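Novice: The structure that follows is given in the form of structure tokens.
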Amino acid sequence: MSGKLTKNNNKPELIILIGMMGAGKTTIGRALARELKMDFLDLDHEIVRRCGVAIPTIFDIEGEEGFRRRETSVLAEVVEQKHLVLATGGGAVMREENRALLQKGRIIYLKADIDELFARVSKDTNRPLLQTENPKEKLRQLLELRAPIYSQLADVTVETGSGAIVMTVRKLKDALKVKEEKV
């Protein structure tokens, strides 16, 4: 498992969730971190915390390229942390330097179909890329562009379209082959 950090109990020290907006990276990431007794960090939330403004404001002032530069800078720092489940933004995989940084952890692709993704994000005004006349078509275009990259990077792919979060977390633990710790 070259470049992928693990401890003696086979639990990865850095788990990175990738996938489209609305795939469940934050929700599932929090639950997985809690289950594995690891820390959780949402990359977008960390960018907002550091900047002191919402992502749409960053896009308004600096454009997508400015946001992506900030994203890369923060990502470079947080992938050095251990004992962490990291939820990335959906577009983080688009920069080659980010793809290299993501290799420092076990990468999980949370996958959902276009209808499920749209149902989850259609009313969210904090999605600057979807502030268009046809947000579902924009989402479809983004998915077409990003899905092959997600698949290529992933150590594990899990469908998040249906089923309880607890079942998804169980599937992830099995896929990561995380041994139960005896207390």
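Novice: Got at least one residue in the stretch 52-75 being open to solvent by less than 20 Å² (accessible area, probe 1.4 Å), assigned to a helix (DSSP H, G or I), over 21 Å from Ile149 (Cα atoms) and among the hydrophobic types (A, V, I, L, M, F, W, C)?
Specialist: Taking every residue of the stretch 52-75 in turn, at least one turns out to be open to solvent by less than 20 Å² (accessible area, probe 1.4 Å), assigned to a helix (DSSP H, G or I), over 21 Å from Ile149 (Cα atoms) and among the hydrophobic types (A, V, I, L, M, F, W, C).
Novice: Kindly check whether there is at least one residue in the stretch 89-111 that is over 18 Å from Leu153 (Cα atoms), outside any helix (DSSP H, G or I) and more than 12 Å from the chain's Cα centre (by Cα).
Specialist: no
Novice: For the stretch 16-32, enumerate the residues that are in a helix (DSSP H, G or I) and more than 17 Å from Gly105 (Cβ to Cβ).
Specialist: Thr27, Ala31
Novice: Condition first: modelled with pLDDT under 85 and polar (S, T, N, Q). Can you find one or more residues in the stretch 110-124 that meet it?
Specialist: yes
Novice: Another question, then. Which of (1) assigned to a loop (DSSP other than H, G, I, E, B); (2) touching an Asp or Glu at 6+ places or on another chain (Cβ under 9 Å) is the odd one out, the single condition Glu80 does not satisfy?
Specialist: Glu80 satisfies every listed condition except (2).
Novice: With the structure loaded, tell me whether Val85 is open to solvent by less than 40 Å² (accessible area, probe 1.4 Å), part of a strand (DSSP E or B), in contact with a Phe, Trp or Tyr (Cβ under 8 Å, 6 or more places away or on another chain) and not acidic (Asp, Glu) or whether it fails that test.
Specialist: yes
The values are calculated or read from the model by the stated rules, or taken from the named source; none is laboratory data. Predicted model, so just to flag it, every value in this text is computed and none were measured. All Cβ positions, even for glycine, are placed from backbone atoms using ideal geometry, and neighbour counts span all protein chains on display. We work out accessible area using only protein heavy atoms, side chains counted, and drop any ligands, DNA or RNA first. Shrake-Rupley method; radii C 1.70, N 1.55, O 1.52, S 1.80 Å.
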